[in-house]
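Participant: Below you'll find the structure I mean.
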Amino acid sequence: MDAINFLDIGFLDILDIVLVAVLLFYIFKLIRGTAAINIFIGIAIIYLIWKLTQALEMELLSDILGKFLGGGFIALIIVFQQEIRKFLLMLGSTNIATKKGLMKKFSFFNTEIAPNDHIDIIVSFCEDMSRIKTGVLIVLQRNNSLDFVKMTGDKMHIEVNKPILKSIFYKNSPLHDGAVIIDNNVITATRVILPIDNTIEIPAHFGLRHRAALGITVRSDALSIVVSEETGQISYINNGAFVLFEDGQELIEIIKDDLN
């Protein structure tokens, strides 16, 4: 009995563990697919070693690791600048209490999951444009408001369908230049000018369309899909990371997973 009592685990201890687990899970989702994930894992390993040295009363090593973790706080803010910015954007979003707000991030608050059938239409459209090498830039809005870039283009409210998308990205269309923003299954803006990110290196064969797609994903939690006008290659950008796809069904599944 005494062996069990020394644990002295109460309700608040369990709640603490659950909240930390949830926080770590969503931090992982936020930085998944980026170089920051390796840094995060490294920090987690150092922290576990530090706690182990404390438990084993290895005072010298424990003191060194403790000072390293404590003094590295400012460095962590610099390293995770984009990720922290996204997290704060999510918390401060005006639609935090809506179905697309923060509570949607926690699965136990969900009553139903949207089918995201419009993603099938979008990817199929991109495959059509890939075959004829027509440039496409589509931004899929998630939780963060994109009003700061929508104001640079033409606001719309059109349900997503392939003929509409083809008419927008037709080479002689006045709406062809710029990005299209899609919120759920609705086209909310066209001819949008996206912020260009020149701080991140990308392959030389990627042009301004790809750099613009990269820029919006590092300034918000939005997703981007690009069809190259030169090669017809379909690129998917999430959190500043490029993924090139040739299997449309795989791309559909990944986008739907990222949207939910």
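Every number in this text was worked out from the coordinates using simple rules, so none of it is lab data. The model shown is predicted, which means the values in this text are computed figures rather than measured ones. Cβ coordinates were reconstructed from backbone atoms using ideal geometry, including for glycine residues, and neighbour counts include every protein chain displayed.
Participant: Which value in nm describes the separation of the simple spin-label points at I39 and L56, placed 7 Å from the Cα toward the beta carbon?
Facilitator: 2.9
Participant: If you stretched the chain out fully between V18 and D247, how much longer would it get, using 0.36 nm times the residue separation minus the C-alpha to C-alpha distance?
Facilitator: Value of the extension gain: 78.7 nm.
Participant: Indicate the gyration tensor shape class of the range 118-259 (rounded, prolate or oblate), computed on the Cα atoms with a ≥ b ≥ c the square roots of the eigenvalues: a/c under 1.5 is rounded; otherwise a/b larger than b/c is prolate and the rest oblate.
Facilitator: It comes out rounded by the Cα gyration axes.
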